[in-house]
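Asker: Below is the structure I would like to discuss, written out as structure tokens.
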Amino acid sequence: MEIVLVVDDEDDIRAVVGAMLKAQGYTVLETSDPQQALRLATQQPVHLLLSDVVMPLMRGTELAQRMQSVSSWTKVLLMSAYKVAEVTASGQ
């Protein structure tokens, strides 16, 4: 069974994404805390990190880099409700 780690500071988004993945048969771990996400990845294999880009504690891009240092084989998918131009222009 593949494990997907969903990291988003918005509870509703995390819940919806988690429910959709569970319905497809994935094992889902959820957290709003990027540091907790890294701890989880050291405790068990994470096949996919699905993370929001803009979060208050840590950018999703930084989390992805740190995740790769903890688990180099973990795939990463970043998501955002913002337009790409808004994320890059704001430096978020």
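Asker: Pull up the stretch 56-65, narrow it to residues that are open to solvent by less than 50 Å² (accessible area, probe 1.4 Å) and either free of Cβ contacts under 8 Å to residues at least 12 places away in the same chain or of a type in the set (A, V, I, L, M, F, W, C) (or both), then point me to the one that is farthest from E2 (Cα to Cα).
Answerer: Selected residue: M58.
Asker: Among the listed residues A23, A37, which satisfies the condition of being aliphatic (A, V, I, L, M) and open to solvent by 20 Å² or more (accessible area, probe 1.4 Å)?
Answerer: That would be A23, the only listed residue that is aliphatic (A, V, I, L, M) and open to solvent by 20 Å² or more (accessible area, probe 1.4 Å).
Asker: Take the stretch 40-55 and flag every residue that is open to solvent by 50 Å² or more (accessible area, probe 1.4 Å) and either under 13 Å from the mean Cα position of the chain (by Cα) or aromatic (F, W, Y) (or both).
Answerer: The one that is open to solvent by 50 Å² or more (accessible area, probe 1.4 Å) and either under 13 Å from the mean Cα position of the chain (by Cα) or aromatic (F, W, Y) (or both): H47.
The values are calculated or read from the model by the stated rules, or taken from the named source; none is laboratory data. Predicted, not measured: the structure shown is a model, and the values here were computed from it. Don't worry about glycine lacking a Cβ; one is built from the backbone with ideal geometry, like all the others, and counts go over all protein chains shown. When the accessible area is computed, the model is the full protein with side chains, heavy atoms only, and any ligands, DNA or RNA have been set aside. Shrake-Rupley method; radii C 1.70, N 1.55, O 1.52, S 1.80 Å.
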